[in-house]
Amino acid sequence: MSTRKKSAPVRTQDRSRKTEDERLLTREAERVVTPEAIYKDAWRVFRIMGEFVEGFDTLMDLGPAVSIFGSARIGRDDPMYAAAQETARRLAEAGFAVITGGGPGIMEAANRGAVEGGGASVGCNIELPFEQGVNDYVDIAINFRYFFVRKTMFVKYSEGFIIFPGGFGTLDELFEALTLIQTGKVRNFPVVLFGRDYWQGLLDWLKSRMAAEGKISVEDLDLLFVTDSPEEAVRVVLQYYQAQLESVAREGAGNGRGGFRPPARPIASRMRRRGF
């Protein structure tokens with residue numbers, strides 16, 4: 001369900017409550033699957049379809065946007081909170097909307113920065129075993145039951161990802177984006193890792209193990225940009241966005257993420273003023 005109403009985060013640790021994702025992925029305990037179980041899964045398709053329709057309908061007029069990911073567990077006194085807030089503010093001032101998971105931590109910081117920069121602040125919240133409301137800085141909130149529907153919205157309506165230090169969920173978004181780029185599902189899509197010290201161990205492992213053993217090519221590592229600067233993170237996004245605009249003008253094609261969304265006029269003028 002999409003809404004513009006704000007609600008403060010509420011988290012409890014009752015992990016016994018089943019979510020729709022869990023129900024979908026759980027096999028029936030019986031050896032023989034009953035007709036009722038088969039029909040239940042088939043009818044669940046309509047709920048999934050409804051989530052896709054609602055997400056598309058809510059975000060179709062959003063305009064150029066960037067998704068920002070990172071840990072929900074950091075506090076407002078963490079330096080990464082301030083960095084995410086500044087990065088989002090700069091993106092908003094350049095004319096981009098900011099999309100997050102809508103929760104606390106880095107997500108709150110990014111939504112807060114978007115509001116401060118005068119941009120659209122989107123939160124794609126997810127049903128979890130413990131309660132998590134959207135943070136107070138989300139203007140456009142969409143509540144999802146299914147992770148894969150939510151993940152589609154992050155990619156389809158973004159011009160790139162900026163990824164701050166985080167846990168399993170953050171890594172999930174990172175490697176899905178890299179896979180989509182590597183396989184040509186999305187193009188002109190920058191992935192920026194923010195926090196060199198945090199990500200360096202992973203980057204070293206990718207190079208010394210995966211690339212060295214031929215599991216990925218060395219060139220695949222060029223898909224990642226690492227920085228400690230909000231200004232540089234925004235500059236990378238703007239450069240890729242400019243390349244996308246030129247590609248569309250040259251080929252008359254979409255952006256590979258559901259059709260090209262024309263930029264708001266302020267973006268073009270701001271890019272020219274900043275030398276992009």
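Only the coordinates and a few stated rules stand behind these numbers; no lab work does. The structure presented is a predicted model; accordingly, all values stated were derived computationally and were not measured. Ideal geometry is used to build each Cβ from the backbone, glycine not excepted, and the neighbour counts take in all protein chains shown.
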Practice problem: Diagonalise the Cα gyration tensor of segment 52-273 and give the resulting equivalent ellipsoid semi-axes, square root of 5 times each eigenvalue, largest first, whole Å. | Solution: 23, 22, 18
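As an exercise, identify the trypsin sites (Lys or Arg not before Pro) in segment 74-136 lying in DSSP coil whose Cβ has no more than 13 other Cβ atoms within 10 Å. Please report the intermediate quantities before stating the final value.
On the way: sites: ARG76, ARG89, ARG90, ARG112; in loops: ARG76.
Hits after loop and neighbour filter: ARG76.
Could you tell me which of rounded, prolate or oblate describes segment 181-229, using a ≥ b ≥ c as the square roots of the eigenvalues of the alpha-carbon gyration tensor, with rounded for a/c under 1.5 and, failing that, prolate when a/b is larger than b/c and oblate otherwise?
Working: a/c = 3.06, a/b = 1.05, b/c = 2.92.
Here segment 181-229 falls in the oblate category.
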Quiz item: In segment 163-232, what GluC sites (Glu not before Pro) fall in a loop by DSSP, with at most 13 other Cβ atoms inside 10 Å?
Solution: GLU213
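Report the gain in length on full extension from ARG73 to ARG250: 0.36 nm times residue separation, minus Cα-Cα distance, nm rounded to one decimal. Working shown, then result.
Working: separation 177, 0.36 × 177 = 63.72 nm, distance 4.39 nm.
Full extension from ARG73 to ARG250 adds 59.3 nm.
Once you have the Cα-Cα distance between ALA211 and THR19, take 0.36 nm times their residue separation minus that, and quote the gain in nm to one decimal.
Values: separation 192, 0.36 × 192 = 69.12 nm, distance 3.77 nm.
Value of the extension gain: 65.3 nm.
Out of the trypsin sites (Lys or Arg not before Pro) in segment 146-218, which ones are loop residues according to DSSP with at most 11 other C-beta atoms within 10 Å?
Numbers: sites: ARG150, LYS151, LYS156, LYS185, ARG187, ARG196, LYS207, ARG209, LYS215; in loops: LYS185, ARG187, LYS215.
Within segment 146-218, the qualifying trypsin sites (Lys or Arg not before Pro) (loop, at most 11 other Cβ atoms within 10 Å) are LYS215.
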